[in-house]
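See below for the structure under consideration.
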Amino acid sequence: MRSRNFRLGLPGAFAAASAITVSGITVVGCLDRPIGLNEPRITATIAEIVPNSGISKIDLLLAIDNSASMADKQQILALAVPDLVESLVNPRCIDEQGNALPNNKQPAGPEQNCPVGSRREFAPVLDIHIGIVSSSLGGHGGNRCPDVVQDPTCGGPISKNDHGRLVAREDTCSPENSASTYQNKGFLAWDPMQELDPPGESQLGTLDGAMPGLVPALAEMVQGAGQKGCGYESQLESIYRFLVDPEPHATIEVVNNVAKRIGVDDDLLAQRAAFLRPDSLVAILMLSDENDCSIRDGGSYYRAAHSDRLPRPRAICAENPNDPCCTSCGVNAPAGCPTDPTCVDGQGSLILLNDEEDPVNLRCFDQKRRFGIDFLQPTDRYVKAFSEPKIADRSGNLVNNPLFPEANPKAGLVSPRTSGMVFLAGIVGVPWQDVARDPKDLGKGFKTSTDMENDGTWDVILGIPAENQPPLDPLMRESTDPRTGTNPITGEQTDVTPGTPLGNSINGHEWTTQGDDLQYACIFDLPQPTSCAGDTTCECFSSGSDNPLCDPNVPQQLVKAKAYPGLRQLSVLRGLGDQGIVASVCPQQVADRDLANYGYRAAIGALIDQLKTKISGPCLPRTLDRDDKGNVSCLLIEAKQTGGACPPCDPTNARLPVDPSHQSAIELAKQRSPGSNWDCFCEIPQLVGEDLAICQNDISDTPVTPSGESVDGYCYIDATTEPAIGNPIHVATCPENERRRIRLVGKAEPAKDATLVVLCSGEFQP
């Protein structure tokens, strides 16, 4: 049995006790001031809910852009699948300083132990669902992206609308889900202990497919997403549709020029119910090389994806798209706004935009300035979806967010998912130099959202859209024309001379887009060059192109891949704080797979860094006082529902009868978990003497005494003191200023059908 670290929450004002439940384990606890160090007899009754301990299951959703030009990025992500999967199911072994051991000393699988003197960063995750959604939601009622089209290269129909449902294709041309998934439910299930009914996948396998298992199956699904999807990439809305939407519509119809959502997509809801557990940690990994184009469903917004020409915007839009008078010439001017003579011609007819002003492929960028209308869903929709318990339904009414179900102890849901258990990682269009910890070496990882707030990176890559302030990095500004300026991170001048040699290390140089494409945020080397001869859709088809993706010596040879500014995705990631993880879709290098800066290795590492504290158990933000024997004034009680068949508390099993003076703690826990129906309670002992020292310092999963006897109980570890209390390796995954934990070892771990009540009080009496 593995030892477990539990968190005690520390409220802003003193609370004598608090409680929560997690995966069958309720954690109750807290304190905020120096505590009495006498025999722990709870007298105070103030309580509040605190965050839960370790995570036992993860639902991992990959949101993959499947529009044109994505095949190269999907291939790089597929090659990163071993990093992603093994980081969770076979965590690294670390030494006492928290440094990873060399690769040749890492265990081959989750069942193997770490070498002597080291331990895993966190316990292997033995229950994972992994699914994929694409960016294709069709034309939202518009005719430019019909749900199904005939594709000559596939010899049949392909989907341009995946409806936000899970996709599991074997290849690009598969019109339906065809890859092998768990019980044909559209997702993979990692189940090495074979506890699912029926059992899921128990083998990792190898990327080359020589050994079947989770890794090759997922890699195949990633590449099977393909690049034949809808060009109006609805990355954010696809995630929302699958995980959050209370009423995902079945179809959308346009009647009398008004789009209407029809019915409810029961197939999607069935997939969601099978994939999304109510108490899992949810990790979303979004991969895209373009800005999000999640068009609003309903009304006239479908016209953004329709062939009809749009009216001009009012003239004020060019100056300030946030001005209240900035609207389309095709609608009535807002009250108080003057008539705009630029909206009509000499005969008084409404002027429509022409092909040059409104190229067919560029309907989604800078819409308010170019059209006077923002046809896209507000990014705040997605920030709320991933962080708030209530969201608006189709009619605008506030309803329960399906991502955050309410507790239901009678149904066994004592600790449902909270916002702290949802993470969104975006591998998107942004120069890696802008968001890396070291702009010269991506191997050192990406900054956190907090890092970027503190050092001004968000202003560099995103600007302040609400104040009409563009990003400080000119390469992050959406434009068809060449941009001028200097990258604030590298100090490189943006090259505005088309056709010159690569002028900077980020996007090469600006190029002649001819008005029907955007300038690039970043570019990177392809693993293998591709000939564009005969392919009119290829960026280097024209031998006279000055596109920086083309080989200047072999003009029709594509040697680099590109990404456009991913501003909407970045806006959501910023709004989520440290729930959001930013990474670049342009890797530093794709040649040497052994290096830390290879491909999307740093992106996967950034996601795992955010998850591992949750998986291993959160950390204490404040120090607990100890008595002269090294004990803290805490009380741990295991609570169970037995229907009156409560067995005696067995001290040999680390279960003590509850002291009568602690009855108030039981009543408090019952109040905080109504409907729990607990009828069986035992205390878990705090270790003392030699056993305390072993718990604090021994790094094995099952510590024993020198005579070989099991150590069973709990202890407090704190690496922020001088000297440290216990071995710092136990808190190596915690933030530097929160390296403190309660550790449970041996038989002290709570039973799967039990709730652990953890209390620490400032009001004790002998």
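The values are calculated or read from the model by the stated rules, or taken from the named source; none is laboratory data. Bear in mind the structure is a predicted one, so any value in this text is a computation, not a measurement. Ideal geometry is used to build each Cβ from the backbone, glycine not excepted, and the neighbour counts take in all protein chains shown. The accessibility values were calculated without ligands, DNA or RNA, using every heavy atom of the protein model including side chains. Shrake-Rupley method; radii C 1.70, N 1.55, O 1.52, S 1.80 Å.
Just one of the listed residues (A602, A596, A639, A669) is open to solvent by less than 60 Å² (accessible area, probe 1.4 Å) and in a strand (DSSP E or B), namely A639. Remark: A751 matches the filter, which requires a residue to be farther than 30 Å from A100 by Cβ and either without any contact (Cβ under 8 Å) to a residue 12 or more places away in the chain or open to solvent by 10 Å² or more (accessible area, probe 1.4 Å) (or both).
Before we move on, is D289 closer than 25 Å to V258 by Cβ, assigned to a loop (DSSP other than H, G, I, E, B), modelled with pLDDT of 95 or more and open to solvent by less than 60 Å² (accessible area, probe 1.4 Å)?
Working: closer than 25 Å to V258 by Cβ: no; assigned to a loop (DSSP other than H, G, I, E, B): yes; modelled with pLDDT of 95 or more: yes; open to solvent by less than 60 Å² (accessible area, probe 1.4 Å): yes.
No: the conditions fail for D289.
Cβ separations smaller than 6 Å between residues 6+ apart or across chains give the following pairs from segment 448-471 residues that are over 21 Å from G491 (Cα atoms) to residues that are open to solvent by 70 Å² or more (accessible area, probe 1.4 Å) and not in a helix (DSSP H, G or I): N468/N322.
More than 16 Å from T733 (Cβ to Cβ), among the hydrophobic types (A, V, I, L, M, F, W, C) and over 24 Å from the mean Cα position of the chain (by Cα) - does that describe any residue in segment 89-107? Scanning segment 89-107 turns up no residue that is more than 16 Å from T733 (Cβ to Cβ), among the hydrophobic types (A, V, I, L, M, F, W, C) and over 24 Å from the mean Cα position of the chain (by Cα). Within segment 269-281, residues that are part of a helix (DSSP H, G or I) sit with their Cβ atoms under 8 Å from residues that are among the charged types (D, E, K, R), at 6+ positions apart or across chains, in these pairs: Q271/R165; Q271/K185; A274/K185; F275/D59; F275/K185.
Considering I284, I316, I351, which residue is touching a residue at least 40 places away in the same chain (Cβ under 8 Å) and open to solvent by 30 Å² or more (accessible area, probe 1.4 Å)?
Values: I284 fails: open to solvent by 30 Å² or more (accessible area, probe 1.4 Å); I316 fails: touching a residue at least 40 places away in the same chain (Cβ under 8 Å).
Only one candidate qualifies: I351.
Applying the condition of being open to solvent by less than 20 Å² (accessible area, probe 1.4 Å) and either of a type outside the set (S, T, N, Q) or without any contact (Cβ under 8 Å) to a residue 60 or more places away in the chain (or both) to segment 359-382 and asking which residue is nearest to C293 (Cα to Cα) yields L376. Applying the set (1) surrounded by 24 or more Cβ atoms within 10 Å (Cβ to Cβ); (2) assigned to a loop (DSSP other than H, G, I, E, B); (3) among the hydrophobic types (A, V, I, L, M, F, W, C) to A561 leaves exactly one unmet item: (2). Checked against the criterion of being over 30 Å from V258 (Cβ atoms) and either at pLDDT 95 or above or among the aromatic types (F, W, Y) (or both), the candidates D434, D374 yield just one match: D434.
Please verify whether segment 59-68 includes one or more residues that are buried (at least 22 other Cβ atoms within 10 Å of the Cβ), polar (S, T, N, Q) and over 30 Å from S673 (Cα atoms). Yes, the conditions are met somewhere in segment 59-68.
Matching residues to (1) in contact with a Leu (Cβ under 8 Å, 6 or more places away or on another chain); (2) not hydrophobic (A, V, I, L, M, F, W, C):
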site	(1), (2)
D393	no, yes
G396	no, yes
L413	no, no
G420	no, yes
F423	yes, no
G426	yes, yes
G443	yes, yes
T450	no, yes
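When C114 is tested against the conditions (1) touching a Pro at 6+ places or on another chain (Cβ under 7 Å); (2) open to solvent by less than 10 Å² (accessible area, probe 1.4 Å), the lone failure is (2). Filtered by the rule that a residue be assigned to a loop (DSSP other than H, G, I, E, B), within 30 Å of G117 (Cα to Cα) and either among the basic types (K, R) or at pLDDT 90 or above (or both), segment 53-101 gives K57, N90, P91, R92, L101.
Take D525 and tell me if it is of a type outside the set (V, I, T), assigned to a loop (DSSP other than H, G, I, E, B), at pLDDT 90 or above and open to solvent by 50 Å² or more (accessible area, probe 1.4 Å). Explain how you work it out, then say what you get.
Numbers: of a type outside the set (V, I, T): yes; assigned to a loop (DSSP other than H, G, I, E, B): no; at pLDDT 90 or above: yes; open to solvent by 50 Å² or more (accessible area, probe 1.4 Å): yes.
Answer is no for this residue.
Out of E247, E220, E233, E253, I need the residue that is under 21 Å from the mean Cα position of the chain (by Cα) and acidic (D, E). Which one? One residue alone meets the criteria, E233. Here segment 706-732 is the region considered, the condition is being under 16 Å from R622 (Cα atoms) and of a type in the set (S, T, N, Q), and the residue that is most open to solvent (accessible area, probe 1.4 Å) is T720.
Could you check segment 242-271 and list, in sequence order, the residues that are closer than 30 Å to S584 by Cβ and either open to solvent by 10 Å² or more (accessible area, probe 1.4 Å) or modelled with pLDDT under 95 (or both)? Even if it seems obvious, please write down each step before you answer.
Pass one, segment 242-271, residues closer than 30 Å to S584 by Cβ: 242-245.
The answer is D245, and nothing else.
Checked against (1) in a helix (DSSP H, G or I); (2) out of contact with any helix residue (DSSP H, G or I) (no Cβ under 6 Å at 6 or more places or on another chain); (3) charged (D, E, K, R), R369 passes all but a single condition, namely (2).
Restricting attention to segment 674-697 and to residues that are in contact with a helix residue (DSSP H, G or I) (Cβ under 6 Å, 6 or more places away or on another chain) and under 17 Å from T642 (Cβ atoms), the residue that is least open to solvent (accessible area, probe 1.4 Å) turns out to be S676.
Restricting segment 300-313 to residues that are outside any helix (DSSP H, G or I) and open to solvent by 30 Å² or more (accessible area, probe 1.4 Å), which is nearest to A80 (Cα to Cα)? Ranking the qualifying residues of segment 300-313, first place goes to H306.
Yes or no: segment 642-651 includes at least one residue that is over 30 Å from D525 (Cβ atoms), of a type in the set (D, E) and open to solvent by less than 30 Å² (accessible area, probe 1.4 Å).
As a first pass, look at segment 642-651 and keep what is over 30 Å from D525 (Cβ atoms): 642-651.
After this cut, where a residue has to be of a type in the set (D, E) as well, the list is 650.
Then drop every residue that is not open to solvent by less than 30 Å² (accessible area, probe 1.4 Å), which leaves none.
No.
Close contacts from segment 112-125, counting a first residue that is more than 22 Å from Q610 (Cα to Cα) and in contact (Cβ under 8 Å) with a residue 60 or more places away in the chain and a second that is in a loop (DSSP other than H, G, I, E, B) and open to solvent by 30 Å² or more (accessible area, probe 1.4 Å), with Cβ to Cβ under 7 Å and a gap of 6+ residues or different chains, come to G117/D95. For segment 608-636, a residue qualifies if it is closer than 14 Å to A732 by Cα, open to solvent by 40 Å² or more (accessible area, probe 1.4 Å) and not charged (D, E, K, R), and exactly one does: Q610. Based on this model, can you work out whether A333 counts as in a loop (DSSP other than H, G, I, E, B) and either in contact with a His (Cβ under 6 Å, 6 or more places away or on another chain) or of a type in the set (A, V, I, L, M, F, W, C) (or both)? In short, yes.
Evaluating R165 against the criteria (1) more than 17 Å from L60 (Cβ to Cβ); (2) part of a loop (DSSP other than H, G, I, E, B); (3) open to solvent by 50 Å² or more (accessible area, probe 1.4 Å) leaves one unmet condition, (1). Being at pLDDT below 95, assigned to a strand (DSSP E or B) and surrounded by fewer than 22 Cβ atoms within 10 Å (Cβ to Cβ) is a property that holds for Q150.
Pick from D455, D473: which is over 18 Å from the mean Cα position of the chain (by Cα), of a type in the set (D, E), farther than 30 Å from D594 by Cα and open to solvent by less than 30 Å² (accessible area, probe 1.4 Å)? Give the derivation first.
Details: D455 fails: open to solvent by less than 30 Å² (accessible area, probe 1.4 Å).
D473 is the lone residue from the list that is over 18 Å from the mean Cα position of the chain (by Cα), of a type in the set (D, E), farther than 30 Å from D594 by Cα and open to solvent by less than 30 Å² (accessible area, probe 1.4 Å).
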